[in-house]
Amino acid sequence: MKQILIIFLAIAVVSCNNSNSKEQTNKNMSSETNYGTFDGKEIKQYTISNAAGMEVSIINYGGTVTKIITPDKNGKKGDVVLGYDTLSGYLQTGNPYLGSLIGRYGNRIANGKFTLDGKEYSLATNNNGQSLHGGNKGYDKVVWDAKKLPGDSSLELTYASKDGEEGYPGNLSVKVVYTVTTDNALKIEYDATTDKATPVNLTNHCYFNLSAGADSTILDHELELNASKFTEVNDVLIPTGKLPDVKNTPMDFTSSKRIGKDIDSVKGGYDHNWVINKNGTTLEKVASLYHPASGRLMEVFTTEPGIQFYSGNFLDGSLKYTKNGQKYVVHAGLCLETQHFPDGPNQPSFPNTILKPGEKYHQTSLYKFSVK
Ligand code: GLA
């Protein structure tokens with residue numbers, strides 16, 4: 001009996017070791033996992049990380065950021081972006097672009113129309129008669145080719161957008177590289193070239209909540225924007241062309257302010273493009289977001305002239321397959337979309353958004369995490 005018991009224990013120890021080593025192997029391989037299929041193509045989730053332990057996961061459907069794991073002030077790690085547990089979440093009708101790449105033109109183009117070299121182009125009007133975030137099937141709803149770059153910290157995504165896709169002229173070759181830097185930033189580099197003149201405005205649509213699931217809204221987060229003007233909009237969120245001063249208005253984030261402080265005096269909540277105080281196109285700090293309870297700080301750097309601060313106004317708790325079944329209620333997360341201005345192709349006074357053959361589109365944005 002004693003012998004049998006010893007043999008049984010020995011088997012148990014061996015199999016336990018085995019399963020440990022399996023787990024270990026899985027863990028090492030977890031940097032690339034199957035996530036389902038879409039349009040007959042394999043969807044995978046890739047995890048990139050740095051030595052400090054910051055981890056970002058991305059799927060090749062929509063080039064979507066599914067997780068950003070960073071520590072709070074006590075070293076406890078948490079996921080600071082909204083998302084879903086499975087691909088079904090990202091595929092559901094009405095998924096409000098959680099974590100996705102956005103293109104060919106981020107934000108709105110009035111009446112889905114613009115004229116280039118004397119020719120009028122018509123885009124899908126998918127938002128109150130306007131074209132939003134690239135139309136019905138923007139870059140958030142296509143499968144990108146993904147390639148992990150040497151080291152474990154960068155993922156390269158490419159997409160060949162066809163001439164006429166969603167109404168846009170020209171074959172556009174797009175490349176996006178996500179990198180987790182050694183100093184805990186998620187860096188996003190966007191490049192594109194075209195064979196016909198076309199509007200281009202690429203961005204990412206992560207919804208941040210630095211409480212990592214502890215707070216149901218972002219109203220207690222504090223935001224600072226290096227911007228003294230914003231692009232005023234009409235009731236369908238198309239710029240009027242005016243750039244009002246933010247000073248002493250609810251739009252003023254020139255010094256750090258609790259988001260909930262003035263939000264009720266902004267009709268519908270914040271969903272505007274701030275004009276960044278910069279002249280050049282170098283990478284500069286444009287925003288800081290701080291969550292006092294967790295101590296998490298996120299600083300945003302960009303080469304772009306504008307930033308859309310969207311306070312998650314249309315979230316209403318109805319999304320399915322959300323992470324851990326959390327209800328994404330109004331203001332559950334916020335977006336800081338670095339970009340050129342909305343409706344750029346129709347507003348000659350705004351920075352140029354037309355890319356021509358032979359030119360190179362390039363933008364870099366960085367979301368840097370720390371605690372204080
Ligand atoms: C952008 C827009 C918002 C809204 C969200 C998605 O940020 O500016 O108005 O459409 O996308 O819900």
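Take the chain and mark each of the GluC sites (Glu not before Pro) that is in a DSSP loop with at most 16 other Cβ atoms within 10 Å; the longest unmarked stretch, sites excluded, is 1-231.
Pairwise Cα distances in the chain exceed 33 Å in 30 percent of cases. Tell me, how many Å apart are the Cα centres for segment 324-344 and for segment 266-285? A separation of 14 Å, based on Cα centres.
Springs between Cα atoms under 10 Å define the GNM used for the chain, and in it the highest mean-square fluctuation of A52, A146, A185 occurs at A52. Per residue, the chain exposes 45 Å² of accessible surface when a 1.4 Å probe is rolled over the protein heavy atoms with every protein chain present.
Taking a straight Cα-Cα cut-off under 26 Å and skipping sequence neighbours fewer than 8 places away in the same chain, the lysines within cross-link reach of K247 are K229, K257, K261, K267, K278, K285. Mean residue ellipticity at 222 nm, helices only, the chain: -3000 deg cm²/dmol; runs of at least 4 DSSP H residues each add -39,500 (n - 2.57), and the sum is divided by the number of residues. Taking the charge dipole of the chain about its Cα centre, with +1 at Lys and Arg Cβ atoms and -1 at Asp and Glu Cβ atoms, the residue from P250, S31, G83 reaching farthest to the positive side is S31.
Computed from Cα atoms, the angle from the helix 2-29 axis to the main principal axis of the chain rounds to 20 degrees. For segment 31-371, the carbon plus sulfur part of the accessible surface works out to 47%, probe radius 1.4 Å.
Checked against a 18 Å cut-off, the cross-linked pairs K77/K368; K77/K372; K44/K147; K242/K360; K175/K360 give Cα-Cα distances beyond that limit for K242/K360. Segment 158-175 and segment 64-112 have Cα centres separated by 22 Å. Look at the alpha carbon pairs under 8 Å that are at least 6 residues apart: their mean separation over the length of segment 210-272 gives a relative contact order of 38 percent.
Each Cα pair of segment 137-181 feeds into the Kirkwood radius, which the Stokes-Einstein equation turns, at 20 °C and 1.002 mPa s, into a diffusion coefficient of 183 µm²/s. Remark: segment 53-195 projects, on average over all directions, an area of 10.1 nm² (convex hull of Cα atoms).
Summing Lys, Arg as +1 and Asp, Glu as -1, what charge do residues with Cβ under 13 Å from the Cβ of L366 carry, L366 excluded? Residues near L366 contribute -2 overall.
Mean separation of Cα pairs under 8 Å and 6 or more residues apart, divided by the residue count, gives segment 31-371 a relative contact order of 19 percent. Here is the tail figure for segment 229-372: Cα pairs spaced more than 28 Å apart come to 24 percent of all pairs.
The values are calculated or read from the model by the stated rules, or taken from the named source; none is laboratory data. It should be emphasised that the depicted structure is a prediction, and the values quoted were computed from it without experimental measurement. Glycine gets a Cβ as well: all are built from the backbone with ideal geometry, and neighbour counts include every protein chain shown. Note: accessible area is taken over every heavy atom of the protein model, side chains too, but ligands, DNA and RNA are not part of it. Shrake-Rupley method; radii C 1.70, N 1.55, O 1.52, S 1.80 Å.
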